[in-house]
Amino acid sequence: MVVVGGGVVGLAIAWELVRSGRDVRLVDPEPASGATHAAAGMIAPISEQRLTEPALHAAAEASAAAYPAFLDGVPGGGGCGFEGVDTLLLAVDDADRRALDDIAARHPGEVEQVGLREARRLEPLLGPRVVAARRVQEHRVDPRALAAALQGALADRVVRARVVGLLPADADADAGAVTGVRLADGTTICADEVVVASGLGAADLPGMPFAPPLRPVHGDILRLEAPAGLRPFLTRTVRAHVRGSRVYLVPRLDGTVVIGATQREHGGAGVSAGGVYELLRDAVAVIPAVAELTLLETTARPRPVTPDNAPLLGRAAPGLLVATGFGRHGVMLAPLAAQAVAQLAEGRTPSLADPFRPDRFS
Ligand SMILES: Cc1cc2nc3c(=O)[nH]c(=O)nc-3n(C[C@H](O)[C@H](O)[C@H](O)COP(=O)(O)OP(=O)(O)OC[C@H]3O[C@@H](n4cnc5c(N)ncnc54)[C@H](O)[C@@H]3O)c2cc1C
């Protein structure tokens, strides 16, 4: 089998296929350089407010639950910063507090009300503008470390090349049937099954039997480092509503903190100055000591987003599976995508993935 694209989704799929005994090649000129490079790594089926659609929420819950077993099988998977930790939800005014109440109402029994004194005990650097706090049990992982571990596990099954087209089957085969891929250097790789997992790159891949309805939603994200005197800076993931806008702070085990992320439908692919300003402004509003961190990195990447914010995951034609359009949730949904593709390759229909059929917009 050939997997096109080595972001977190393609890497997870390729590894799951290897584990199920398949002969696999993953083709990508620069693996993990797309949205995966930017991702914060929250595995947050409850605090992620955009997961209101029941099928997507069910998939997110199932994928989060599958993470430990998925990582267990990855050599080096233990070093990916996977942790089960609280997410602390914060508000700075009454309208923001109502947003926290909405999350609690959608997930009865899963969101704990936390008094401000207790919130400050949990996270001593909380600032005075915080007026309400809630707590949720969720997980996080370091996407760059996860991608590196999966690449290591796949070893020489990773082919560093660009796919410039899908190989069509003979004229008398089923419409759209695919038999392999063509690479930029003109060589081909034949395969009984091709999995297109190239994120936004799937939208203009020659030979696709349909045009995946994907659009880029750019995200700016920051990486900062806490000075020794301020460590541990945070222990929990913090997600704050700040006068109607949102910001999250994700601490990593190495003392760095990720602050994200904007959602830009328009504008260039580079880092937005306004986006950086808003992220820092809102982060400082809830954790004033953010102003004392060292800014290590500003990054922007486009997320591959579909019209209904759910992925395109399933069979597109004989010999062709598609796994793209993961939008804001590709890290969280990677184990589910990997399981679903492995089952589809065996001719089974994974029920959780059924609502995400790639032909649902045609
Ligand atoms: C700022 C930001 C923060 C995020 N935070 C989170 C988070 O906390 N939790 C979460 O679950 N998700 C998060 N996401 C979303 C997540 O990053 C994406 O959903 C996920 O990375 C999608 O993975 P992918 O493998 O489908 O695509 P990508 O990571 O974009 O990878 C696509 C790959 O395909 C390759 N490719 C493209 N075209 C071709 C071709 N023709 N031939 C060969 N290879 C090709 C590219 O080189 C690339 O490596 C975030 C995204 C952003 C931008």
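The values are calculated or read from the model by the stated rules, or taken from the named source; none is laboratory data. Predicted model, so just to flag it, every value in this text is computed and none were measured. Cβ: placed from backbone, ideal geometry, glycine included. Neighbour counts: every protein chain shown.
Side notes on the structure shown:
- Qualifying residues in the range 304-316 (those that are away from the ligand (no atom under 14 Å from the Cβ) and free of Cβ contacts under 8 Å to residues at least 60 places away in the same chain) - the one nearest to the chain's Cα centre (by Cα): Gly314
- Condition check for Glu346: of a type in the set (Asp, Glu) and assigned by TED's automatic domain parsing to the domain that holds Gly199: yes
- Which listed residue, of Pro54, Pro68, is without any contact (Cβ under 8 Å) to a residue 60 or more places away in the chain and either more than 17 Å from the chain's Cα centre (by Cα) or buried (at least 18 other Cβ atoms within 10 Å of the Cβ) (or both): Pro54
- Scanning the range 317-334 for residues that are hydrophobic (A, V, I, L, M, F, W, C) and away from the ligand (no atom under 11 Å from the Cβ) yields Ala317, Leu320, Leu321.
- Among (1) under 15 Å from Leu150 (Cα atoms); (2) modelled with pLDDT of 95 or more - the single one Gly78 does not satisfy: (2)
- Exclusive hit being assigned to a strand (DSSP E or B) and either of a type in the set (D, E, K, R) or not assigned by TED's automatic domain parsing to the domain that holds Ile287 (or both), set Asp86, Asp102: Asp86
- Of residues in the range 71-91 being over 30 Å from Leu11 (Cα atoms) and in contact with a helix residue (DSSP H, G or I) (Cβ under 6 Å, 6 or more places away or on another chain), the one surrounded by the fewest Cβ atoms within 10 Å (Cβ to Cβ): Ala91
- Out of Ala175, Ala145, sole residue that is farther than 25 Å from Ala14 by Cβ and touching a residue at least 12 places away in the same chain (Cβ under 8 Å): Ala175
- Which numbered condition Ala59 misses (of (1) farther than 22 Å from Leu234 by Cα; (2) in contact with a Leu (Cβ under 7 Å, 6 or more places away or on another chain); (3) at pLDDT 95 or above; (4) assigned by TED's automatic domain parsing to the domain that holds Val284): (4)
- Filtered residues of the range 317-357 (kept if crowded, with 22+ Cβ neighbours inside 10 Å and of a type in the set (Ser, Thr, Tyr)): Thr324
- Residue check, Ala40 in the same structural domain as Gly319 (by TED's automatic domain parsing) and out of contact with any strand residue (DSSP E or B) (no Cβ under 8 Å at 6 or more places or on another chain): no
- The set of residues from the range 269-303 being small (Gly, Ala, Ser), within 16 Å of the ligand (Cβ to nearest atom) and touching a residue at least 24 places away in the same chain (Cβ under 8 Å) comprises Ala269, Gly270, Ser272, Gly275, Ala283, Ala300.
- Taken together, the residues in the range 170-188 that are within 22 Å of Gly6 (Cβ to Cβ), more than 11 Å from the ligand (Cβ to nearest atom) and crowded, with 17+ Cβ neighbours inside 10 Å amount to 3.
- Residue that is surrounded by the most Cβ atoms within 10 Å (Cβ to Cβ), among those in the range 147-169 that are of a type in the set (D, E, K, R) and part of a loop (DSSP other than H, G, I, E, B): Arg162
- From the options Ala14, Ala59, residue that is assigned to a helix (DSSP H, G or I), within 11 Å of the ligand (Cβ to nearest atom) and crowded, with 21+ Cβ neighbours inside 10 Å: Ala14
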